[in-house]
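A quick write-up on the structure given underneath.
The values are calculated or read from the model by the stated rules, or taken from the named source; none is laboratory data. Predicted model, so just to flag it, every value in this text is computed and none were measured. Note that we place each Cβ from the backbone using ideal geometry, even for glycine, and neighbour counts take in every protein chain shown. Just the protein is used for accessible areas: all its heavy atoms, side chains included, with ligands, DNA and RNA removed. Shrake-Rupley method; radii C 1.70, N 1.55, O 1.52, S 1.80 Å.
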Amino acid sequence: MTTRVLLADDQEMVRTGFRLILSAEGFEVVGEAGTGVDAVRLARELRPDVVLMDIRMPELDGLEATRQLGTDPQPPRIVVVTTFDLDEYVYGALRAGACGFLLKDAGPRLLVEAVRAAAAGDALVSPSVTVRLLEHLAQPARQAATPSDPLSPRELDVVRAVARGRTNAEIAAELFVSLSTVKTHLANVHTKLAARNRVEVAAWAWENGQVR
């Protein structure tokens, strides 16, 4: 099935570039929004699979738009688009329910990878970029959420690997366990941390001082 994408960015040139790249890869761009208000309205009307959400938009910023869509019964998968150095509150968007993020200058390959990853239910776009963002925004002094049930030593190993941007296959190789075992540990971690995705797991690790 074709992945349906909504583009939300106040710059028409950016939207045009994204549309051309995604259309060439077989994605269906079902709509474009130039404001946060339009992004929320169109997302609810068109029901796209993935929304590429800019942070800085008139009327309603991408952070609040993400929060509003996150309250829907079946919210779209939202990938936050950021310039990284300026949009430090993208961290808040990830907490609000975004499944990942994309740097505006990341290039066509990562744009396509971001949409594919979101559509597949994954949270990480590029492990190296994920680590850079989380490290940049980490606040060790902040009170981290307490797990409903303490994480086991092996679960903590998996959490630290996720926070370093490792894929499931890489974690399995590092810990000398099977891929299914890694997935089982991650499922337990998601439950204990009440985390919706890998980004929230990684964020917890940074906040809780599990990664140096």
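Can you tell me which residue within the range 187-196, out of those that are under 19 Å from the mean Cα position of the chain (by Cα) and open to solvent by 10 Å² or more (accessible area, probe 1.4 Å), is nearest to residue 70 (Cα to Cα)?
Only one residue fits best here, namely 196.
Is it true that residue 29 is in a strand (DSSP E or B) and not aromatic (Phe, Trp, Tyr)?
Yes: the conditions hold for residue 29.
Search the range 158-180 for residues being under 19 Å from the mean Cα position of the chain (by Cα) and among the hydrophobic types (A, V, I, L, M, F, W, C), and hand back the single one that is surrounded by the fewest Cβ atoms within 10 Å (Cβ to Cβ).
Checked the range 158-180; the qualifying residue surrounded by the fewest Cβ atoms within 10 Å (Cβ to Cβ) is 161.
Rundown of residues vs (1) under 18 Å from the mean Cα position of the chain (by Cα); (2) within 17 Å of residue 77 (Cα to Cα); (3) of a type in the set (A, V, I, L, M); (4) surrounded by fewer than 23 Cβ atoms within 10 Å (Cβ to Cβ), yes/no style:
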| site | (1), (2), (3), (4) |
| --- | --- |
| 3 | yes, yes, no, yes |
| 9 | yes, yes, no, no |
| 20 | no, no, yes, yes |
| 29 | no, yes, yes, yes |
| 45 | no, yes, no, yes |
| 53 | yes, yes, yes, no |
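Does the range 96-112 contain any residue that is under 20 Å from residue 195 (Cα atoms), assigned to a helix (DSSP H, G or I) and hydrophobic (A, V, I, L, M, F, W, C)?
Yes, the range 96-112 contains a residue that is under 20 Å from residue 195 (Cα atoms), assigned to a helix (DSSP H, G or I) and hydrophobic (A, V, I, L, M, F, W, C).
Taking residue 203, is it among the aliphatic types (A, V, I, L, M), modelled with pLDDT under 80, in contact with a helix residue (DSSP H, G or I) (Cβ under 9 Å, 6 or more places away or on another chain) and assigned to a loop (DSSP other than H, G, I, E, B)?
It is false that residue 203 is among the aliphatic types (A, V, I, L, M), modelled with pLDDT under 80, in contact with a helix residue (DSSP H, G or I) (Cβ under 9 Å, 6 or more places away or on another chain) and assigned to a loop (DSSP other than H, G, I, E, B).
Could you say whether any residue in the range 44-53 is free of Cβ contacts under 8 Å to residues at least 40 places away in the same chain, over 18 Å from residue 106 (Cα atoms) and among the hydrophobic types (A, V, I, L, M, F, W, C)?
no
Quickly run through the range 159-212 and pick out the residues that are closer than 19 Å to residue 100 by Cα, out of contact with any Lys or Arg (no Cβ under 6 Å at 6 or more places or on another chain) and among the β-branched types (Val, Ile, Thr).
Result: 159, 167, 189, 199, 201.
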